[in-house]
Amino acid sequence: MKNIFSFLFAASLFSLLSTCKPDLDVPTPSAGNADFTKSISVGDNFLCGYQDGALYKKGQELSVAALLAQQFALVGGGNFLQPLMPDNFGIGISLKPWEGTYITKSTLGYRTDCAGETSIFPLYSTLTAASAQGYLSTVSHNVNDFSVPFLKTSDLFDAQTGTSTGNIYYHRFASAPGTSTVFSDAVSSNASFFVAWTGMEDIYDYARHGGYNKTIP
């Protein structure tokens, strides 16, 4: 009797599962009144994919700007060109300038401190001037991604941002270093849609200096 009951229960369960078809209401993407034919992004670290202490290729490809562009492509969005770094080591600004100006991205690894204790720590390498040149060389200024690491709001309109002594990341793709600005390059791209996210670097710069000689817009 017990075996018959078990058989009937299993048969009923199988029948229930085999006949149960999920009714998924899959939404159809729509652009609405927006035109995503040519979208651009303007912003700072948050949009460009600066992570692990550096700007590197994979981080850019997984940036907020790139992920949004993937969604825009579902409703008529075109190619989203980025000033990609040449590899996944990338280049970052060292927060310890006495160790060097530039560093690679950080990865978790084991480090032994001055007390002889070994623990997991974010590890990176410093870049020599020669090594850094591969990341600082200019690329095409024909881009859709105008988001730049460490870009403050005022830097959007400052031509010095594009010089070799200004922002190293914008200098790579500035249309006319020393003359063009992030804002002018973005405007001249004739985009049909834009994403803008600025201001965070103003806050962080203020905090890093304890507010000394700094203002928040």
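The values are calculated or read from the model by the stated rules, or taken from the named source; none is laboratory data. Keep in mind it's a predicted model, so treat the numbers as computed, not measured. Glycine also receives a Cβ, built like all others from the backbone with ideal geometry; neighbour counts cover every protein chain displayed. Calculation scope for accessible area: heavy atoms of the full protein, side chains included, ligands and nucleic acids excluded. Shrake-Rupley method; radii C 1.70, N 1.55, O 1.52, S 1.80 Å.
Overview of values
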{"quantity": "Residue-level accessible surface for residue 84, protein heavy atoms, 1.4 Å, Å²", "calculated": "60 Å²"}
{"quantity": "Surface per residue (accessible, 1.4 Å probe) for segment 36-192, Å²", "calculated": "50 Å²"}
{"quantity": "Mean separation of Cα contacts under 8 Å, 6 or more apart, over the residue count of segment 64-157: relative contact order %", "calculated": "27 percent"}
{"quantity": "Residue pairs, from the table 105/152; 96/152; 58/152; 38/105; 57/152, whose Cα atoms sit over 29 Å apart", "calculated": "38/105"}
{"quantity": "Whole-number percent relative contact order across the chain, with pairs defined as alpha carbons under 8 Å at least 6 apart", "calculated": "23 percent"}
{"quantity": "GNM top mover of 203, 168, 40 - the chain, alpha-carbon springs below 10 Å", "calculated": "203"}
{"quantity": "J(HN,Hα) series, segment 207-217, from Karplus relation 6.51 cos²θ - 1.76 cosθ + 1.60, nearest Hz, glycine and proline x", "calculated": "5, 4, 9, x, x, 6, 6, 10, 10, 10, x"}
{"quantity": "Segment 66-74 - phi-based ³J(HN,Hα) in whole Hz, Karplus 6.51/-1.76/1.60, Gly and Pro as x", "calculated": "5, 5, 5, 4, 4, 6, 5, 5, 6"}
{"quantity": "Residues whose placed amide H lies under 5 Å from that of residue 89, excluding near-sequence neighbours", "calculated": "57"}
{"quantity": "Neighbourhood net charge (13 Å Cβ-Cβ; Lys/Arg +1, Asp/Glu -1) for residue 52", "calculated": "+3"}
{"quantity": "Net charge of Cβ neighbours under 11 Å - reference residue 143; Lys, Arg +1; Asp, Glu -1", "calculated": "-1"}
{"quantity": "Along each principal axis, Cα extent of the chain, largest first, Å", "calculated": "86, 61, 35"}
{"quantity": "Exposed-loop-free span, longest in the chain, where chymotrypsin sites (Phe, Trp or Tyr not before Pro) count as exposed if DSSP calls them loop and at most 11 other C-beta atoms lie within 10 Å", "calculated": "99-211"}
{"quantity": "Compactness of segment 29-122 - radius of gyration and Dmax, Cα, Å", "calculated": "18.2, 62"}
{"quantity": "5 angstrom amide H check on residue 40, placed H, neighbours 5+ away", "calculated": "193, 194, 195"}
{"quantity": "Amide H contacts under 5 Å for residue 54, placed H, 5+ residues apart", "calculated": "106"}
{"quantity": "Charged-residue dipole, Cβ positions (Lys, Arg, Asp, Glu), the chain about Cα centre, Debye nearest 20", "calculated": "420 debye"}
{"quantity": "Environment charge of residue 73, counting only residues whose C-beta is closer than 15 Å and scoring Lys/Arg +1, Asp/Glu -1", "calculated": "-2"}
{"quantity": "Whole-Hz ³J(HN,Hα) from phi, Karplus 6.51 cos²θ - 1.76 cosθ + 1.60, for segment 125-131, glycine and proline x", "calculated": "10, 7, 9, 6, 4, 5, 5"}
